[in-house]
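Heads up: the structure comes next, in structure tokens.
The values are calculated or read from the model by the stated rules, or taken from the named source; none is laboratory data. Small disclaimer: the values here were computed from a predicted structure and weren't measured. Neighbour counts run over all protein chains shown; Cβ positions are idealised from the backbone, glycine included. For the accessible areas, the whole protein counts, side chains as well, though only heavy atoms, and no ligand, DNA or RNA atoms are used. Shrake-Rupley method; radii C 1.70, N 1.55, O 1.52, S 1.80 Å.
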Amino acid sequence: MKYLVMVQGTQADYEAMSGKASPDSPAWSEEDMRKMFAFMEDINNDLAESGEMVDGQGLAEPRQTRFVSLGEDGRPVITDGPYGETKELLAGYWVLDCESLDRVTEIAARIARCPQPEGAPEYPVVIRPIMEEGPELPA
């Protein structure tokens, strides 16, 4: 079964990782960043070696995000980030092909242990099964 495993973050988190503290997060040092990247690289290498990695990427900061919706007239309404009303956005993801929900939960727990500076916010790691077949539609 394939699963989407997601981590979330805020614009303040991205700014903290570039050395700018905020009330929500302390500034990350270069050493903090090296530890995080090494940790993630180890996870990615292990998942690739086990054959469970389908894809995985970190995403650009929320201020580079764009929401597209439709206005009342049916025309696209485009909103560029950052978004005051949105606290967290997707920061990175993995698409994993695992034998069970227990296995992907084990991986998510490992991801949740990513090193970070003391006082940094902790976000849950979200697991969503990927539907490989569409739902049965009534005849």
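Annotations
Yes or no, residue by residue, for (1) of a type outside the set (Asp, Glu); (2) at pLDDT 95 or above; (3) outside any loop (DSSP other than H, G, I, E, B):
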site: 40; (1), (2), (3): yes, yes, yes
site: 84; (1), (2), (3): yes, no, no
site: 87; (1), (2), (3): yes, no, no
site: 91; (1), (2), (3): yes, no, yes
site: 105; (1), (2), (3): yes, yes, yes
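- Residue in the stretch 76-94 that is touching a strand residue (DSSP E or B) at 6+ places or on another chain (Cβ under 6 Å), β-branched (Val, Ile, Thr), open to solvent by less than 70 Å² (accessible area, probe 1.4 Å) and more than 17 Å from residue 17 (Cβ to Cβ) present: yes
- Taking the stretch 2-58 as the range and being on the phi > 0 side of the Ramachandran plot and open to solvent by 60 Å² or more (accessible area, probe 1.4 Å) as the test, no residue passes.
- Of all residues making up the stretch 107-132, the number that are open to solvent by 100 Å² or more (accessible area, probe 1.4 Å), within 16 Å of residue 4 (Cβ to Cβ) and assigned to a loop (DSSP other than H, G, I, E, B): 2
- Residues of the stretch 42-57 that turn out to be touching a residue at least 60 places away in the same chain (Cβ under 8 Å) and either under 18 Å from residue 122 (Cβ atoms) or in a loop (DSSP other than H, G, I, E, B) (or both), as a count: 1
- Beta carbons closer than 7 Å, at least 6 apart along the sequence or on distinct chains, pair a first residue in the stretch 59-80 that is closer than 17 Å to residue 10 by Cα with a second that is aliphatic (A, V, I, L, M) and open to solvent by 60 Å² or more (accessible area, probe 1.4 Å) for 59/90; 66/78.
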